[in-house]
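This report refers to the structure that appears directly beneath it.
The values are calculated or read from the model by the stated rules, or taken from the named source; none is laboratory data. Just so we're clear, the structure is a prediction, and the values are computed from it rather than from any experiment. With ideal geometry, Cβ positions are generated from the backbone for all residues, glycine too; neighbour counts draw on all protein chains shown. For accessibility, only protein heavy atoms count, side chains too; no ligands or nucleic acids. Shrake-Rupley method; radii C 1.70, N 1.55, O 1.52, S 1.80 Å.
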Amino acid sequence: MVSRTLRHSLLATLTIIGIFLTWSPRDSASGSDISSWSVPIDLADEISTGWQPRAAADQAGNVHVVWSAWTGQVPPDWRDQTDAIFYSWWNGKHWSTPVDILISPDDESMYAWNLQVASDGSIILVWKTATATGYVQNISVSKVGQAENAQNWKTILSIPYADMGTVAIDSLSGDWYYVYIRESTDLLIQTSKDQGLSWSNPFTIWNSLDQAGSVLGETRVVADRQGQIHVVWQENNAEYDWNPTAVWYARGVNIGGMPSFQIREVARRKNQNDSTKGWISICLGNDKQIHLVWSGGTGSREGRFHQWSPDGGITWSEAEPILLGLSGMTQWHGLAVDSSGTLHLLTTAFGLSDGLTTARYAFWKNGQWSAFQTFMPIGEVANLVVTEGNHLHGVWGANGQIAYISAQTDAPLVASVPFSGTTISPLYRATETPQADVMPPTTTPQPYNTALKSTGVSQQNLGLPALIGTFASLMLILAVIIFALTRINIR
């Protein structure tokens, strides 16, 4: 009798605690602003293994995804060794059957690095090969509606000793900006005014020659509607065993004439006890907003950091720690802004509480961050894009698969603008749309106030909400145990 009573009491305790832990306070940032996420599907579709996906959306409402894959007859020498790049696209209803668009002729490793779509329908893929003498960075192009045929891809630029290439398209002029790192020390930009047929000479944005023991890496670039270009990158330093040390930002003006860049150090590791800072991502918001998100160090509770500018990069908010309890350097973060101005974040991170490295989603609205949600399957390298102003598309690498999910926000619909002359492939498979099996919002600390300030990091007591939650849980456990013992004594 006693054991059965205790079992029932413990079951009730676990149930109550489970309900309590999955609940999180709702405020202006965490209301019901998004539909249920779709069930994750594998875009690789057992046709290939998939690693390091890159995603892009276009003005017609299509989504394009590339990923690196291994196609050899024998297992690769290491987990993410790849010899091919695959492509699939979504036309608003279905995903196309994935096809290999690039294959390494000499079994050299090759990696998809960045993907963009221009207003004329050009799909721009930045990829690299690992040779005996170093990386070679390449740009290949195709057209929307034609890219699933490998013969419709053309490599237009190859640069030896280059790495971390990324492209941005100026929506006003149509210019292409190509930013990359050469020999780990020089951050360079080249411009094309004719859809990649010709390129300007390289212009140096920044170099690390004046910083002894430093190298550059992990760059990203965007172009805004005011004619400015915004670049972010990472610094690795010998003092910290070449681990990520600092993240940087540059704002370029007078692009098309003589470039001029204003450089700003965003965040830096202060000492051996401080967490690493790296894999900085950038996203344009509505009006003149710019958002930066970067990673804290592996093993640190400072999962991610967010900083934003309301005026095109002139002034900036404080750097705010977000998604506390997450950790890890898992490449760039998926950032997308819907038509209402809400910032959506999909990142992959190790959870210090659940022990999983997988996709995590949160959003920023009215200056506050929501609690995060966790998605399965486990994996790394997250991408997030938005179509028609309110349709979110998330992609990440999942141990050889390419996981895809989607959801609708309550932001206004923005009509798509079809491309002229595109064709639709008959090789499509149905997309599943039932509700996703996701973990509920995690009980993270309350969202942080991102009131604009010039510098510094918020000094809020980040542990207080978690402490309150822990205390409440202990009180629940104690109450149920006392109730059980009371029943035992009565009987």
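What the table shows:
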quantity: The one condition in (1) at pLDDT below 95; (2) of a type outside the set (G, A, S); (3) out of contact with any Phe, Trp or Tyr (no Cβ under 9 Å at 6 or more places or on another chain) that T315 fails to fulfil; calculated: (1)
quantity: Cross-chain or 6+ apart pairs with Cβ under 6 Å, the stretch 407-428 first and in a strand (DSSP E or B), then hydroxyl-bearing (S, T, Y) and modelled with pLDDT of 75 or more; calculated: Y428/S96
quantity: Residue satisfying condition, being of a type outside the set (A, V, I, L, M, F, W, C), modelled with pLDDT of 85 or more and open to solvent by less than 20 Å² (accessible area, probe 1.4 Å), within set H94, H64; calculated: H64
quantity: The stretch 287-317, residues that are assigned to a loop (DSSP other than H, G, I, E, B) and open to solvent by less than 20 Å² (accessible area, probe 1.4 Å); calculated: G296, G297, G303, G312, G313, W316, S317
quantity: Scope the stretch 332-358; condition open to solvent by 20 Å² or more (accessible area, probe 1.4 Å), at pLDDT below 90 and not in a strand (DSSP E or B); matching residues; calculated: L352, S353, D354, G355, L356
quantity: Single condition S158 does not satisfy, out of (1) surrounded by fewer than 16 Cβ atoms within 10 Å (Cβ to Cβ); (2) not in a strand (DSSP E or B); calculated: (2)
quantity: Condition broken by G31, with the remaining ones in (1) closer than 23 Å to I405 by Cα; (2) open to solvent by 20 Å² or more (accessible area, probe 1.4 Å); (3) part of a loop (DSSP other than H, G, I, E, B); (4) modelled with pLDDT of 85 or more satisfied; calculated: (4)
quantity: Candidate set from the stretch 318-331 (those that are under 16 Å from the mean Cα position of the chain (by Cα), part of a loop (DSSP other than H, G, I, E, B) and not polar (S, T, N, Q)); member that is farthest from G278 (Cα to Cα); calculated: L323
quantity: Flag for S104 being farther than 20 Å from N399 by Cα, at pLDDT below 90 and in contact with a strand residue (DSSP E or B) (Cβ under 6 Å, 6 or more places away or on another chain); calculated: yes
quantity: The stretch 257-273, subset assigned to a strand (DSSP E or B) and among the basic types (K, R), residue modelled with the highest pLDDT; calculated: R264
